[in-house]
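One structure is given below, encoded as structure tokens.
Just so you know, all these numbers are worked out from the coordinates, no wet-lab data involved. Model, not experiment: these values are computed from the prediction. Cβ coordinates were reconstructed from backbone atoms using ideal geometry, including for glycine residues, and neighbour counts include every protein chain displayed.
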Amino acid sequence: MDRITDKIANLARALKKDVDPNSEYIDYKTLRKQYEAQANEEIAQLQQRSKKARVEAIHGRSDLNPKWTFANLVEDSDDVIEAVSIAQSFIAAHDDPAWRQSGSHMMIFYGDYGRGKSHIAGAIAHQLIEQYEISVLYRQLSTLLEMRNFSFDFSATDNASQRYREINQELLDVDLLILDEVCVNESALKKNAQSWFGNLLRQRLVNKKNCILITNHNLAELENALGRYCFESIKEYDTYKVRFQGPSRREGLTIEQEDMQGSVAQPRYQPNQVR
């Protein structure tokens, strides 16, 4: 009886095809495994490229400082070390689907300027984007309130109202909203701003969306600045409060002492290490 290889060779000759006498016969099961392995590898590569594109798109919309990462953070004090530990626990909790569906979660970073609050919040966001493709939006509250005021100018020709409506919808839809400079230089927000902010937080609460608030106020001052209605909205969240203490870690503008002739050296700018 002819072997299968002989039959293939006879068929090839009948079709006037070249026959390699040294070619190795590969049975169907082995050949199928090879093809499946190759197909799986190609699918994995396609998935990696697709994920990279999605992550890059999320980063692009987030408006995060690309330098705000844990790798760039100097853990040189107890409050920063503790804040990083809490931040990592918050990130790790996203591994649990039950935690993610249990409700809305909020982190409040409070303390003086230059302690690394914005940096750590940004580092959390970057890691959540990379690991879980969490959509993130970073905004300063004062900027949003200014845009909200401009949107009421119906005689304007710069589409401020339409742009604000789009941004407001983004604030509602994004998975993680980071609001920085909350009530900066404000002892109390105006009543209409308090109502708007409280409603925003309540709508995000209902939709199980998470928030990070960053402020220079202590918690008592923050409650006074936001008003009772807005602060009650915050209390509804599963809240993590992180206090930052100590002097600023920023190195800013400095003026050298006058020399013996009475001249003053020019100010020298040193870039911020953290924010």
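Subtracting the Cα-Cα distance of A98 and I86 from their residue separation scaled by 0.36 nm leaves 2.4 nm. Rg/Rh for the range 92-140 (Cα atoms only, Rh after Kirkwood) is 1.00. Once the Cβ-Cβ distance of E130 and K33 is raised to the sixth power relative to R0 = 25 Å, the FRET efficiency obtained is 0.15.
Peptides 92-99, 117-124, 196-203 ranked from most to least packed give 117-124, 196-203, 92-99, packing being the mean of other C-beta atoms within 10 angstrom over each peptide's residues. Using Cβ point charges alone (K and R +1, D and E -1), the dipole size of the range 53-118 about the Cα centre works out to roughly 380 debye. Classified by the C-alpha gyration tensor, the range 68-150 has an oblate form. Its axis ratio a/c, with a ≥ b ≥ c, is 1.5 or above, and a/b does not exceed b/c. Taking the average, over residues, of other Cβ atoms within 10 Å as the packing measure, peptides 60-70, 175-185, 225-235, 43-53 rank 175-185, 225-235, 60-70, 43-53 from highest down.
Site pair R243 and A53 shows an inter-label distance of 4.9 nm when each label is modelled 7 Å from Cα along Cα→Cβ. For K235 and N159, the FRET efficiency from 1/(1 + (r/R0)^6), where r spans their Cβ atoms and R0 equals 41 Å, is about 0.65.
Give me the log10 of I(q) over I(0) for the range 58-114 at q = 0.15, 0.17, 0.22, 0.29 Å⁻¹, as the Debye formula computes it from C-alpha points; what are the numbers? With one equal scatterer per Cα and no solvent, log10 I(q)/I(0) is -0.63, -0.80, -1.16, -1.22.
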